[in-house]
Amino acid sequence: MPKFRAALAALSLSIPLSFPALAQEGGTTEAMQRALAAGWKATFTCSGLFVAGQTLQELDRNELAGIYPDYVRDYDQLPAAKVDQARKLVSVDYAVGMPPRMAAYRPGYGCTQLPIGATEKAVDFLPRYASWPEYTTPDRGSAIGSNVKVELRLEEAQRLEMPVTAAFDETTYGVGTRTSSVVIVRDGQVVAERYARGVEHETPQRTWSVAKSISATLVGAARRQGLIDIDYPAVIAAWNKGADPRREITIRDLLHMASGLDSGESGSRTDRIYFGGGRVVDQAAGNLLEVEPGSRFKYANNDTLVAMRALREAMKDDALYHRFPYESVLHKIGAVHTTLEIDWNGDFLSSSQVWSTGRDLARIGQLYLQDGMWAGERLLPEGWVQFVSTPAPAQPADGAGYGAQFWLMNDNPGVPEGTFYAAGNRGQYIVILPALNTVVVRQGFDVIGGARFDVNRFTLDVTRALQAADQDRALTSEALTRAAEEENARNPPRERPGLRGNW
């Protein structure tokens, strides 16, 4: 089997792919469907209030609107969520004879959803930090920060005004799309920034699958520190038993979305974890092998979840594991408004359940532009940027290509070669354009199942705007140089007295 995988790794396929469509994954019974709908309401209300700091009115308009179509009917029949501000606990009643669905907030962990059927007593079993890893290190690695001012670069400001404004008009890049933030960083400086829908520069939003790219970044940092080997098989203990063929799966396979595991019709729906309070070890790591590891691309939340579970098992220290994202990456780059949420068993749900601001996402993109370096310190291994942005051996059937937890914008003529991006449900994007030394972030609350924000067209328009800005700057510089030469020709500089002769 390893020889087979090695042969596949030698291939350099670049078959494009479209972003995975959502499949109907909800409950198989009416009771389960209601429980999952209530779980959606409980967890998003909790995170929106206590992680993002939004009001209930803003949540109703943003996070709680435009949800999975298969949940709408049951969701609309739910009563209002009950919010215990003192205990930071949200509960939603949904069925007679069953405890309400609940989600509880704890510092550093965000909100954790209790499993279906759990009572309020289960809150006592949730992990807690003995001491939250506070942000204390001054950031000297980039100009992006909470107090940063948009740098006055007239050419970029003029040229970017049109695409940035259009991103918020709910028409140009998709009729009905709902943009909440756009941040554009060039040469480490914020050159364009705008917010809407009650979101500001310190308002975290759920990243959805942009979290997968954050997970790849954390795995890279762990590899840099010698904590994990992405090519060592038997990534978790549960697979390293008896005749289990899953022991041949490596973290490289998982990062490439090529585990070969069964993940249903669409691996992008893991509702029993996200909205049912299920554990990663039960739901994500329990599936059977379907095809040879490394031989097939299939977009699957479970692959990311298991990769992060493997990191936990490799560390053998939950306190280290839970502090690692913040102390080894996020706080070092100044991303202090980003929170990774967990299941009640303590596993990061970083295939989707990460909350972050536009500026924090821009910092992650900037880390990749800087080849994994920040403030003179190497956070990611040499070659990691190339690894995540190189087409994986097994590729999707059409559309954009895929690297390692990052998409490749190789299906967008006019955008510079080498552009890659993180993408998440409801229109979350970090686009990294190394050729322009630029990061483009777009966040939104697009309706699930409705129009998608056209990130290809937006990136192309931003690319053209930046190229035009460069041309404007070059023409201005050329005109100034020519004017100076003409002035010197008309009025040659006079010799200064006393400077003749030899010294």
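What to note about this one:
- When the criteria are applied in full, LEU8 fails the requirement of being modelled with pLDDT of 90 or more, assigned to a helix (DSSP H, G or I) and either among the hydrophobic types (A, V, I, L, M, F, W, C) or loosely packed, with under 14 Cβ neighbours inside 10 Å (or both).
- One residue alone among GLN366, GLN395 is of a type outside the set (D, E, K, R), touching a residue at least 12 places away in the same chain (Cβ under 8 Å) and part of a loop (DSSP other than H, G, I, E, B), and that residue is GLN395.
- Residue satisfying all of: in the stretch 369-392; in contact with a Leu (Cβ under 9 Å, 6 or more places away or on another chain) and part of a strand (DSSP E or B); nearest to GLY198 (Cα to Cα) among these: TRP374
- Odd one out for PHE297, checked against (1) surrounded by fewer than 24 Cβ atoms within 10 Å (Cβ to Cβ); (2) within 30 Å of PRO99 (Cα to Cα): (2)
- Annotation note: of VAL336, VAL354, the sole residue that is among the β-branched types (Val, Ile, Thr), closer than 22 Å to ARG442 by Cβ and modelled with pLDDT under 95 is VAL336.
- Candidate set from the stretch 161-192 (those that are of a type in the set (D, E, K, R) and within 24 Å of MET373 (Cα to Cα)); member that is surrounded by the fewest Cβ atoms within 10 Å (Cβ to Cβ): ASP187
- Residue match in the stretch 485-492 (condition: free of Cβ contacts under 8 Å to residues at least 60 places away in the same chain and not in a helix (DSSP H, G or I)): yes
- Residue, modelled with the lowest pLDDT, within the stretch 17-43, restricted to residues that are assigned to a loop (DSSP other than H, G, I, E, B) and hydroxyl-bearing (Ser, Thr, Tyr): SER18
- Test: residue in the stretch 422-443 that is surrounded by fewer than 24 Cβ atoms within 10 Å (Cβ to Cβ), out of contact with any Ser or Thr (no Cβ under 8 Å at 6 or more places or on another chain), at pLDDT 95 or above and not β-branched (Val, Ile, Thr): yes
- Within the stretch 328-356, the only residue that satisfies the criterion of being touching a Ser or Thr at 6+ places or on another chain (Cβ under 6 Å), of a type in the set (Ser, Thr, Tyr) and not in a loop (DSSP other than H, G, I, E, B) is SER356.
- Residues of the stretch 449-466 that turn out to be in contact with a helix residue (DSSP H, G or I) (Cβ under 7 Å, 6 or more places away or on another chain) and not in a helix (DSSP H, G or I), as a count: 1
- Which numbered condition ARG473 fails, given (1) among the basic types (Lys, Arg); (2) exposed (fewer than 15 other Cβ atoms within 10 Å of the Cβ); (3) in a loop (DSSP other than H, G, I, E, B): (3)
- Taking residues in the stretch 311-325 that are farther than 16 Å from SER215 by Cβ and touching a residue at least 12 places away in the same chain (Cβ under 8 Å), and partners anywhere that are part of a loop (DSSP other than H, G, I, E, B) and among the aliphatic types (A, V, I, L, M), the pairs with Cβ atoms closer than 8 Å and at least 6 places apart or on different chains are ALA319/ALA130.
- From the list GLU478, GLU417, the lone residue that is over 16 Å from the mean Cα position of the chain (by Cα) and outside any helix (DSSP H, G or I) is GLU417.
- When the criteria are applied in full, ALA211 fails the requirement of being surrounded by fewer than 17 Cβ atoms within 10 Å (Cβ to Cβ), under 15 Å from ALA307 (Cα atoms), touching a helix residue (DSSP H, G or I) at 6+ places or on another chain (Cβ under 9 Å) and not hydroxyl-bearing (Ser, Thr, Tyr).
- Residue satisfying all of: in the stretch 193-202; touching an Asp or Glu at 6+ places or on another chain (Cβ under 9 Å) and not basic (Lys, Arg); surrounded by the most Cβ atoms within 10 Å (Cβ to Cβ) among these: VAL199
- Considering each residue of the stretch 409-419 in turn, at least one proves to be among the acidic types (Asp, Glu), more than 23 Å from GLN205 (Cβ to Cβ) and at pLDDT 95 or above.
The values are calculated or read from the model by the stated rules, or taken from the named source; none is laboratory data. From a predicted model like this one, the values you see are computed outputs, not experimental measurements. When we count neighbours, we look across all protein chains shown, and the Cβ atoms used for this are built from the backbone with ideal geometry, even at glycine.
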